[in-house]
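First up is the structure itself, then whatever we jot down about it.
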Amino acid sequence: HLSIRRQRQMCIETGNGTSFNTPNLAVNATPYEYWVAAAANGTNCEGPRTRVTATISNPQTVTITPISPLCVNSDPVNLSTNLAGGTFPEVGGVSLVGSNYQFNPNTAGAGTHTITYTYQAGTTCERIVTTAIIVNPLPTVNITSTENRTIICLNQSIRLTATSSVAG
C-alpha cells in the first residue's frame, strides 16, 4: 500500500502495488514535492518517507510550415517546422535527403496526404503534429474532330474540339 502526500499535506493518492499516477499537474516554476511511504494494510503503520520532486515544463508549440497544393509531377519540396530536431516518418512520399526531409508528390501520388512530425522536448515531453498536403492529378485532354477525318491537306482547315478532365 502506497501513501502519497504532497508537500507533507494530507494524502492525495493511495494505491496498492508499487506505483501511482499523479493528478494532472499544472505548469509551475516551483517544483511539486511528493513524499512517498509504504503503509501496512489495515494498520496505521507507515514506513519512512522518501521525497520525490516533479518539475512540470511547458513544451513549446510545434508547427509544420504549410505547403500549397502540388501537381503529381511537381518537384519534391522540403518539409520544415518551427522547431528543428524532430522527425518525419519516411512513408507516403516523405524521405530524408541529406539533412532535409522532403515530400515527393510523384512518389506519394494524387490525393490528400497526412504528414506527421514528432518532436521530443527534453526527455519526456513529446509533441506530435500533422498537416495535410494535397497532390492534384495531371489533367488529361481529349481532342476530337466532328468532321471524322484525320488527314488535312495544305490550305484546308478542320474543326477540333478539346475536352479536359479538369474543369475550367
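No lab work stands behind these numbers, since they all come straight from the coordinates. Everything numeric here is computed off the predicted structure, so don't read it as measured data. Cβ coordinates were reconstructed from backbone atoms using ideal geometry, including for glycine residues, and neighbour counts include every protein chain displayed.
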Ranking request for peptides 141-149, 76-84, 101-109: highest mean number of other beta-carbon atoms within 10 Å first, then the rest in descending order. 101-109, 76-84, 141-149
Order 68-74, 88-94, 152-158 from most to least packed using the mean count of other Cβ atoms within 10 Å. 88-94, 68-74, 152-158
Could you work out how much longer the chain between E46 and C125 gets when fully extended? Use 0.36 nm per residue separation minus the Cα distance between them, nm to one decimal. 25.1 nm
